[in-house]
Structure formats: C-alpha cells, structure tokens
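What follows is a single structure, written as structure tokens, with notes after it.
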Amino acid sequence: MPPTQSLWSRTGSLALITVVACGSGLVAAASAQAAPPAPAHPVTAATPTPLPSPSGGPESGEPESVEIMAAAAAPVTRSQMIARAKTWNPGTSKRVPYSQTKTRGGYRTDCSGYVSMALGLGKPGPITVGLAKSTYTRRIQTSELRRGDLLIDAIGSNTTRHVVIFDRWANAGRTSYWAYEQRGGYGTDYRTRSYGLSANSQYKAYRALNIREDAPVPPPTITRAQVIARAKSWNPATAQRVPYSQTKTRGGYRTDGSGYASMALGLGKPGPITVDLVKSAYTRPIGMSQLLQGDLVIDPVGANTARMVVIFDRWADAARTSYWAYQQRAGYGTDHRVVRHGLEPGTQFRAYRPVRIR
C-alpha cells in the first residue's frame, strides 16, 4: 500500500514557515511556492504541523507557529468591552495569571490575548503587532481616546511589546489614565498608566474597527422639584458641600459639573460629559427667556477645563439680568449662587431643557 501523503504534499505545495516573536505569542507567515485554490469558506484559525527548530524544540517556550487568518469581528460596544475585560478579575486575588503559552476560554493569557478577548476577536487572538494593523484597528490621537480604545507599543520583541485598554483619564490635566492590562509577572490589572503621553513614546493610540458607541440610555421622567431636591442633596454652599473632581465619584456620579447635573436629573451613572448633555438624547435648546427651574445653561465648547454646565433655579431680579444657579464648580465644589452665564453678548453658554423633565 502506498505511504500516506504528508500534510504538505497533500496541499500540492511546500510552505515555508517564518516564525516571528511577539509580546503575546508567535505568529507564522506562510509563503507558498504554488498556492492552492482558496477554500470555499474562510478559515478563521489554523495550526499547521510545526517544523522542528534547529535545537529540536521551541526556542522560546511558545508555540512555534500559530497561523491566524483574520475574520470579521462582531461589533462590540464600549461598555460590553469593559464588561468583558472585568471578567478576568483585574487587580484582585482572582486575577488571571500572565502567560504567553496558556489560554483561558480559548484566548492566550498575555496582553494581546486579553485585549482580543475583550474585543471578541477570533481565538486565541492576534498578537500585539497584529492588533496594530489595519485589519483590526486604526490610529487615533491620544486626545481622542475614549473608553475601550487601545494604547499599543508594537515595536521590539515579545518581551517588550505591550497593549493596554484605556478606561478613563485619571486627572484633569490628562497626564495619566486608568487602564486594564494583562501584565507580565502579575496578571490582569487595573491601574493608572501614562503610556503614549510623552513626546517620544513608542505607544500609539488606536481604535478597534469593531467597537461601537453605547446607545444613550433614555433618561427617566423627573419633575422640576425633584431636580432641585436632588441638587440640594450635595449640600451646596455649605461646609458639607461635595468637593469638585473629574475623577472621583459620589453615589456613582462624577463630582464634576456634568456629573452633578446628571445626578440631579437622574441620568445613568457616572453621567454623560458636558458635550454629550447638549445632544438630543438628553436635552433640546431653548431661549434664555424660556428658562424654568431645573433647566440647564451649558457651555459645551473647548477642553474639559473650559466646558461648564449649571442648573437654573430662578431669576435674581425682575429685569432678568442674573439668576440663581446650582453648580459643581472647580476649586470649590457644590454651590448655589447668582451668575450671568448666557446673558452676556458673545457668550458660548446656551439654554437647554432636559427632554424628560416634567
């Protein structure tokens, strides 16, 4: 009986396997002398029989060749991605240990395997170099980073490359941020990082092609009296007022201007930011003369240190040249004072009515 044909002879061609080291595993690039016909259906992952290394075994303790053909990844929302990242118990005693060879749920337990799991990419996940390619991501500016975006260092060897998941800025100056990562010697973590923020950093910001924005949560119906009662719960203009912070929370809401307004309106925690509060999902524009108790006056223009939102309470005088407002203001905290926002010529402040206020 004739001998059984080998895997390579059955394909009708000899493939040369090139092994490339990576911070999250190894990938093989196949170069065929005479390419066989394309399969009727795309293959999402295949592991060909490895060729022996000169030393007779894997030189780095990783698979010698893992060939992954990219398949279109299913869309995932930012909140879904973060929820998946949390399933590996970051920063706890139940975190997943780091390994470039082991898997959990089919994904490598290294940095790129972790990110691939969070994004729902094909198992065991592309390596760090692969994640930086247009197959999976596109470059963005660090100033554009949003929850679920990535910071990737795709340069160097499998012991130097790395990728982390951006969560949120850690301070108003944006000099650091909170990130999820699978890091060597520890495992799944959640901590502040500054990768990609220095001028000469090898880390670059990327946005996954399959990530989608979360649908705005319809705000609940609320009365004007309820808005004001909730605004007063942060003890405005007293010694017990809530200090201002763009990173801290109280009752799940950010203790900044938009977080305070979101709390008063009963919006989803931690609250939309100022630029989102002016969107039709939450408010509609009105004239300043139409302001009623519980409406908002918002300046959505500029950086996070320039934007502002206040809650209108009542007019301070018969001529309507100023009004009492509740606000969470920088350097002080929760306040109730007379302001003129939106009344001066050339102002960027505009009046808005919450869509669910009654």
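The values are calculated or read from the model by the stated rules, or taken from the named source; none is laboratory data. Since the model is a prediction, treat every value here as computed from it, not as a measurement. A quick note on method: Cβ atoms are made from the backbone with ideal geometry, for glycine too, and the neighbour counts reach across all protein chains shown. Protein only, heavy atoms only, side chains kept; ligands, DNA and RNA dropped before computing areas. Shrake-Rupley method; radii C 1.70, N 1.55, O 1.52, S 1.80 Å.
If you go through region 305-358 and pick out every residue that is under 26 Å from residue 279 (Cβ atoms) and of a type in the set (Ser, Thr, Tyr), you end up with 6.
The rows are residues; the columns are (1) among the small types (Gly, Ala, Ser); (2) surrounded by fewer than 18 Cβ atoms within 10 Å (Cβ to Cβ); (3) more than 17 Å from residue 208 (Cβ to Cβ).
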site: 79; (1), (2), (3): yes, yes, no
site: 90; (1), (2), (3): no, no, yes
site: 94; (1), (2), (3): no, yes, yes
site: 97; (1), (2), (3): no, yes, yes
site: 102; (1), (2), (3): no, yes, yes
site: 106; (1), (2), (3): yes, yes, yes
site: 109; (1), (2), (3): no, no, yes
site: 114; (1), (2), (3): no, no, no
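Scanning region 315-358 for residues that are at positive phi, in contact (Cβ under 8 Å) with a residue 12 or more places away in the chain and loosely packed, with under 13 Cβ neighbours inside 10 Å yields 320, 331. Checking 323, 260 one by one, the residue that is in contact with a strand residue (DSSP E or B) (Cβ under 9 Å, 6 or more places away or on another chain) and under 20 Å from residue 238 (Cβ atoms) is 260 and no other.
Taking the criterion of being basic (Lys, Arg) and either touching a Phe, Trp or Tyr at 6+ places or on another chain (Cβ under 6 Å) or surrounded by 15 or more Cβ atoms within 10 Å (Cβ to Cβ) (or both), the residues of region 140-166 that qualify are 147, 161. Just one of the numbered conditions (1) among the polar types (S, T, N, Q); (2) in contact (Cβ under 8 Å) with a residue 40 or more places away in the chain; (3) within 30 Å of residue 175 (Cβ to Cβ) is not true of residue 100: (3). Comparison of 245, 258 shows that the only residue that is buried (at least 18 other Cβ atoms within 10 Å of the Cβ) and either closer than 18 Å to residue 330 by Cα or touching a Gly at 6+ places or on another chain (Cβ under 9 Å) (or both) is 258.
Yes/no per residue for (1) over 23 Å from residue 340 (Cβ atoms); (2) touching a Leu at 6+ places or on another chain (Cβ under 6 Å); (3) open to solvent by 30 Å² or more (accessible area, probe 1.4 Å); (4) in a loop (DSSP other than H, G, I, E, B):
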residue: 263; (1), (2), (3), (4): yes, no, no, no
residue: 270; (1), (2), (3), (4): yes, no, yes, yes
residue: 281; (1), (2), (3), (4): yes, no, yes, yes
residue: 293; (1), (2), (3), (4): no, no, yes, yes
residue: 305; (1), (2), (3), (4): no, no, yes, yes
residue: 310; (1), (2), (3), (4): no, no, no, no
residue: 313; (1), (2), (3), (4): no, no, no, no
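Can you tell me which residue in region 315-358 is nearest to residue 290 (Cα to Cα), limited to those that are over 29 Å from the mean Cα position of the chain (by Cα), hydroxyl-bearing (Ser, Thr, Tyr) and not in a loop (DSSP other than H, G, I, E, B)? Within region 315-358, the match that is nearest to residue 290 (Cα to Cα) is 323. When 320, 314 are checked against the criterion of being at pLDDT 95 or above, farther than 21 Å from residue 173 by Cβ, out of contact with any Phe, Trp or Tyr (no Cβ under 7 Å at 6 or more places or on another chain) and of a type outside the set (S, T, N, Q), 320 stands alone in meeting it.
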